Amino acid sequence: MSSTGEHLIRLPEGSWWDWDVVTWNAGELRLAASHDLTYAHGLELVFDDPLFVSCPSSFQDPVFRAPSPAETAEVARHLGEEPPVLVAFEADAGGREPVPCLIAAERVGIVRETVLRYWRADAAPGQRFTPWVRSP
């Protein structure tokens, strides 16, 4: 991370084409990724204490990059100071052009594990489910 709060995300090897927001509250923004989000996801970007979020709730094929000086200045103007972490990317949200996205937060981490998006009674002990999955 640079002194300006920029943070270039380096994803682990894998097929991370399909993305969506799994959790978003005052304490956490959690983005999930997989090659197909129908049944499970295997990667999460976890932003602790999100300060500024400008991205669609679902998107595909993000290209992470360093934020531009103008983006950094815009976020700093909104927040009153530069954030500890500022992540920038372009993503396909279904329109004609990629959408520029910015996320400012206190911290960002990468979690790599399989998270089920549907109920399975035979899930392994400790298997994690998305927040909306409930046992029947």
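The values are calculated or read from the model by the stated rules, or taken from the named source; none is laboratory data. No experiment lies behind these values; they were computed from the predicted model shown. Heads up, the Cβs are rebuilt from the backbone with ideal geometry, glycines too, and the neighbour counts pull from every protein chain shown. Please note that ligands, DNA and RNA were not included when accessible areas were found on the heavy atoms of the full protein model with its side chains. Shrake-Rupley method; radii C 1.70, N 1.55, O 1.52, S 1.80 Å.
At a glance:
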{"item": "Answer residue from the stretch 109-132, given it is within 18 Å of residue 46 (Cβ to Cβ), among the hydrophobic types (A, V, I, L, M, F, W, C) and out of contact with any Asp or Glu (no Cβ under 9 Å at 6 or more places or on another chain) and is most open to solvent (accessible area, probe 1.4 Å) among those", "result": "132"}
{"item": "Failed condition for residue 95, given (1) out of contact with any Lys or Arg (no Cβ under 9 Å at 6 or more places or on another chain); (2) modelled with pLDDT of 95 or more", "result": "(2)"}
{"item": "Residue count, the stretch 82-108 (criterion: touching an Asp or Glu at 6+ places or on another chain (Cβ under 6 Å) and exposed (fewer than 12 other Cβ atoms within 10 Å of the Cβ))", "result": "0"}
{"item": "Answer residue from the stretch 26-48, given it is more than 13 Å from the chain's Cα centre (by Cα) and either of a type in the set (A, V, I, L, M, F, W, C) or assigned to a strand (DSSP E or B) (or both) and is nearest to residue 103 (Cα to Cα) among those", "result": "26"}
